[in-house]
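One structure, pasted below without further comment.
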Amino acid sequence: MTQHKFSFGLWTVGNVGRDPFGEPVRKTLSPVEIVHLLAEVGAWGVNFHDNDLVPIDASASQKAQIVTDFKQALKDTGLVVPMATTNLFGDPAFKDGAFTSNDPAVRAYALQKTMAAMDLGAEFGAKTYVFWGGREGSETDASKNLLEGLKWFREALNFLCEYSNAQGYGYRFALEAKPNEPRGDIFLPTTGAMLGFIQTLDQPEMVGVNPEVAHETMAGLNFTHAVAQAIDAGKLFHIDLNDQNSGRYDQDYRFGAQNYKQSFFLVKLLQDAGYDGPLHFDAHAYRSEDLEGVKDFARGCMRTYEILAEKVKRFNADAEIQALLAQINAPNAEVEPFRGAYTPERAAALKAYQFDRQALGARGLGYEKLDQLTFELLMGAR
Ligand code: 3MF
Ligand code: MG
Ligand code: MG
Ligand code: MG
């Protein structure tokens, strides 16, 4: 279990099972209890929002005690804190957003709260700082100047990049998109939108993304494709793994609980690309579970990733699958000269070449067979 950097947020295994229609079904665990639970199930790291660790109205002395106890728990268990983040969505002050609230005092408070949370994360050695926009968005666009909103969000991130550097924290920022919740409409709702936005920042090299399976999936998008775009851009700084049915509420299921095949392709992408950052499970146990069920949930997330990583190895070593892929991707010497950067000669040669269009369209691609072999491999039938 230690080969991968598996981490969980305090809010994940600590989830008490409250939902919009029902009260908590599990008792609140303290941060120290959660660290010990995570150590017991074999996790590597623990992440937190500022207020998962330190309640929003804690006094300075309460905070100092909490920090001391948490540090001791980390020391006792060997768990690390790879990532920290800010809760900019729970408090009523953020009902109209944080960095994009129309109220300049809320925007200033959001900056202040984030600096304090960055200080807290840095105390525990966190190197990734996540920004999930939460309530950055609107219900009615009558209420928002959308261009101002984007400008305010940019100003906040530019400010915080400078703050991180000035403090010597060495953070990399990871922006997390989520399309369907909790506002009526959310700004920058997809990983692709975040990637576009990052290029407009003062220090784009400091900022990447933290995509989450459930978030792209709930919008009916292919999450693995979003992650591929992030990897291609050199921007996959962190990842939130879980599972989700398309078109449903925010389910945050155990990784791999629903979409086995899609989870496999995601793990394959990560493994083949050599992603070696944290694998964070942003998920929680079914509401039906007690504390033992929470441990089953956490172990299940990690074990499913391990099993799928093993399946990736088998897929990459499977002679029949690899022969089929080699055939599908066979080079074609005749068109080889047309590949590469533009030159006037290459363009002229390509324009003059006669393609057999009918033959191109007539060729069967063998994807049915490939997909069936993939299914059989995943089911343990080969
Ligand atoms: C919401 C989320 C968030 C973010 C977190 C920052 C509560 O659906 O996914 O989890 O991941 O705020 O990482
Ligand atoms: Mg989420
Ligand atoms: Mg959620
Ligand atoms: Mg998340």
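Quick check: pseudo-label points 7 Å beyond the Cα along Cα→Cβ at Lys75 and Ala323, how many nm apart are they?
That separation, rounded to one decimal, is 6.1 nm.
While we're here: I'd like the chymotrypsin sites (Phe, Trp or Tyr not before Pro) in segment 1-105 restricted to DSSP loop residues with at most 13 other Cβ atoms within 10 Å, sorted by number.
Passing both the DSSP loop test and the Cβ count: Phe21.
Sticking with this structure for a sec: Treat the count of other C-beta atoms within 10 Å as a stand-in for reagent exposure and order Ser143, Ser246 from fewest to most.
Final ranking by Cβ density, sparse to dense: Ser143, Ser246.
Let me ask another. In the chain, which helices (entire DSSP H runs) extend 24 Å or more along their own long axis, judged by Cα positions, while averaging at least -1.0 on the Kyte-Doolittle scale?
Length and hydropathy pass: 60-77, 104-123, 146-167, 291-317.
Suppose every K and R has +1 on its Cβ and every D and E has -1 on its Cβ; what is the size of the dipole of the chain about the Cα centre, in Debye to the nearest 20?
Once rounded to the nearest 20, the dipole reads 580 debye.
While we're on this one: What Kirkwood hydrodynamic radius do you get for segment 6-316 when you take the inverse of the mean 1/r over all pairs of distinct Cα atoms, in Å?
Hydrodynamic radius (Kirkwood, Cα only) of segment 6-316 equals 19.8 Å.
Give me the lysines in straight-line cross-link reach of Lys235: C-alpha distance below 29 Å, same-chain residues under 8 apart excluded.
Lys5, Lys113, Lys127, Lys151, Lys178, Lys261, Lys268, Lys311, Lys313
Taking the Cα centre of each part, how many Å lie between segment 152-207 and segment 304-382?
What the calculation gives is 36 Å, centre to centre.
Still on this structure, please answer the following. What ranking of Val213, Val207 emerges when the number of other C-beta atoms within 10 Å of each C-beta is taken as an exposure proxy, fewest first?
Arranged by neighbour count, lowest to highest, Val213, Val207 become Val207, Val213.
Quick check: residue separation of Asp232 and Lys261 times 0.36 nm, minus the Cα distance between them. What number comes out in nm?
Between Asp232 and Lys261, full extension yields an extra 8.2 nm.
Report the extension gain between Ala348 and Lys369 in nm, rounded to one decimal, defined as 0.36 nm multiplied by the number of residues separating them, less their alpha carbon distance.
Computed gain between Ala348 and Lys369 is 3.7 nm.
Can I ask one more? I need the calculated FRET efficiency for the pair Asn332 and Gln65, taking r as the beta carbon distance and R₀ as 51 Å, to the nearest 0.05.
Between Asn332 and Gln65 the formula returns 0.15.
Along the charge dipole of the chain, pointing to its positive end and built from +1/-1 on Cβ of Lys, Arg, Asp and Glu, which listed residue (His36, Phe159, Asn316) has its Cα farthest out?
Asn316
Kirkwood hydrodynamic radius, segment 180-228, all distinct C-alpha pairs: what's the number in Å?
After inverting the pairwise mean of 1/r, the radius is 11.7 Å.
Order by neighbour count: Lys151, Lys295, fewest other Cβ atoms within 10 Å first, most last.
Lowest count first: Lys151, Lys295.
Between Phe255, Leu195, Ala362, whose Cα lies farthest towards the positive end of the dipole of the chain when Lys and Arg beta carbons carry +1 and Asp and Glu beta carbons carry -1, centred on the Cα centre?
Going by the charge dipole, the pick is Ala362.
Computed from the coordinates by the stated procedures, all read-outs in this text should not be read as laboratory data. Remember, predicted model here, so these are calculated numbers, not experimental data. Cβ: placed from backbone, ideal geometry, glycine included. Neighbour counts: every protein chain shown.
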